[in-house]
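Following: one structure in structure tokens, then a few remarks.
The values are calculated or read from the model by the stated rules, or taken from the named source; none is laboratory data. Keep in mind the model is a prediction, meaning the values are calculated, not measured. Glycine gets a Cβ as well: all are built from the backbone with ideal geometry, and neighbour counts include every protein chain shown.
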Amino acid sequence: MPRRLAILPLILAAQGLSALEYPHPNAEPQPSGWPLSAQERAYITDKPEYERRPGRELHKHLPQLWPQVPTAGHFGGDAWLRLHEDHVKTVQSQPGPLPVLLVGDSITIQWGQSWEKNFPGIKAINLGIGGDKTQNLLWRLDHGGVQGLEPSNILLMIGNNNAFFTPETGIEAAAKGVALCVANLREKFPKARIVLAKILPAHAPGNRFHEDLKQINQALHALPLENDPNLRLLDLWPHFTQADGQLRAELYSPDQIHLSPQGYALYAKHLRPLLQLP
């Protein structure tokens, strides 16, 4: 099966899909490819994200599909798209072999100097965008986000922001969105080591957001991710919480979601053995 490891059919079969298809037709003028057509650009900048969710074109409410169908993000106007365009320019300027590709949301983009400090001399391209959900990352991957790269290692952490919507989408849909991000990356990079970092804990036990993050992580085990011989799951939850389940405050910023430099240092400590580095 060219350009596809055994895990990809397993992931997709578990979701009732064949090849790298999504569980709902993409209604966008340009479902994939780069550069964007004028029609596609107008579609994603003129309409807020909630007007482009799967089902809206049919006047149906299908929240269980939101995390699983590529949808561009939206911060107002073209602000989100300009962030993606900056990433595409970075990727286009550095094609070819790459030790590490970082993919995710704000927790990823905020590696910043912590990456250089904890992985000195290890080149990485960081494609995080704050606020991104699985559906936004899927859109970026399908619209020039990684084209031309040849990463040896990929670090993926995504799904935190999906927890804002789990009262509507449900837990399983969010986990399937994460799995589709893995499948998308695996199809594009069949030989890369993929490290899927489970979502980090946030806030406090008993908080709905905290509990839903935990359940999304648990739901990932119902999917055959670990059947991929070159994928590693990184579970940081036990290292970022105390015995009573509370967050280790020194590892977090005051918002109890994002990480402090100490948090990134601990993240790096547990990540390093999973990467295939020189």
**Complete:** Checked segment 222-252 for anything in contact with a Ser or Thr (Cβ under 7 Å, 6 or more places away or on another chain) and surrounded by 13 or more Cβ atoms within 10 Å (Cβ to Cβ); matches are LEU247, ARG248, LEU251, TYR252
**Complete:** Residues of segment 71-80 being surrounded by 21 or more Cβ atoms within 10 Å (Cβ to Cβ) and in contact (Cβ under 8 Å) with a residue 40 or more places away in the chain, in sequence order, are THR71, ALA72, GLY73, TRP80
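Yes/no per residue for (1) surrounded by fewer than 20 Cβ atoms within 10 Å (Cβ to Cβ); (2) of a type outside the set (Ser, Thr, Tyr):
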site	(1), (2)
SER106	yes, no
LYS117	yes, yes
ALA124	yes, yes
LEU127	no, yes
ASN136	no, yes
HIS143	no, yes
LEU156	no, yes
PHE164	yes, yes
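Residue-wise test of (1) within 26 Å of PHE165 (Cα to Cα); (2) touching a His at 6+ places or on another chain (Cβ under 8 Å); (3) without any contact (Cβ under 8 Å) to a residue 40 or more places away in the chain; (4) not hydroxyl-bearing (Ser, Thr, Tyr).
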site: PRO205; (1), (2), (3), (4): yes, no, no, yes
site: HIS210; (1), (2), (3), (4): yes, yes, yes, yes
site: ALA222; (1), (2), (3), (4): yes, no, no, yes
site: LEU231; (1), (2), (3), (4): no, no, no, yes
site: LEU234; (1), (2), (3), (4): yes, yes, no, yes
site: ALA249; (1), (2), (3), (4): yes, no, yes, yes
site: PRO254; (1), (2), (3), (4): yes, no, yes, yes
site: HIS258; (1), (2), (3), (4): yes, no, no, yes
site: ALA268; (1), (2), (3), (4): no, no, no, yes
**Prompt:** Under the condition of being of a type in the set (S, T, N, Q) and surrounded by 13 or more Cβ atoms within 10 Å (Cβ to Cβ), which residue from segment 14-31 is modelled with the lowest pLDDT?
**Reply:** GLN15
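Table: residues versus (1) more than 20 Å from LEU180 (Cβ to Cβ); (2) in a loop (DSSP other than H, G, I, E, B); (3) within 18 Å of the chain's Cα centre (by Cα).
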site	(1), (2), (3)
HIS61	yes, yes, no
LEU65	no, no, yes
PRO70	no, yes, yes
GLY73	no, yes, yes
LEU83	yes, no, yes
ASP86	yes, no, yes
THR90	yes, no, no
**GLY144 being under 15 Å from LEU185 (Cα atoms), in contact with a Ser or Thr (Cβ under 6 Å, 6 or more places away or on another chain) and not hydrophobic (A, V, I, L, M, F, W, C)** = no
**Prompt:** In segment 94-104, what residues are touching a Lys or Arg at 6+ places or on another chain (Cβ under 8 Å) and surrounded by fewer than 22 Cβ atoms within 10 Å (Cβ to Cβ)?
**Reply:** LEU98, PRO99
**Message:** Suppose we keep only residues that are in a helix (DSSP H, G or I) and not charged (D, E, K, R) within segment 45-59. Which one would you say is nearest to TYR22 (Cα to Cα)?
**Reply:** LEU58
**Request:** Kindly indicate whether GLN68 is over 25 Å from LEU36 (Cα atoms) and surrounded by 15 or more Cβ atoms within 10 Å (Cβ to Cβ).
**Result:** no
**Message:** Going by what's in this entry, would VAL91 be described as at negative phi, crowded, with 17+ Cβ neighbours inside 10 Å, touching a residue at least 12 places away in the same chain (Cβ under 8 Å) and in contact with a helix residue (DSSP H, G or I) (Cβ under 8 Å, 6 or more places away or on another chain)?
**Reply:** no
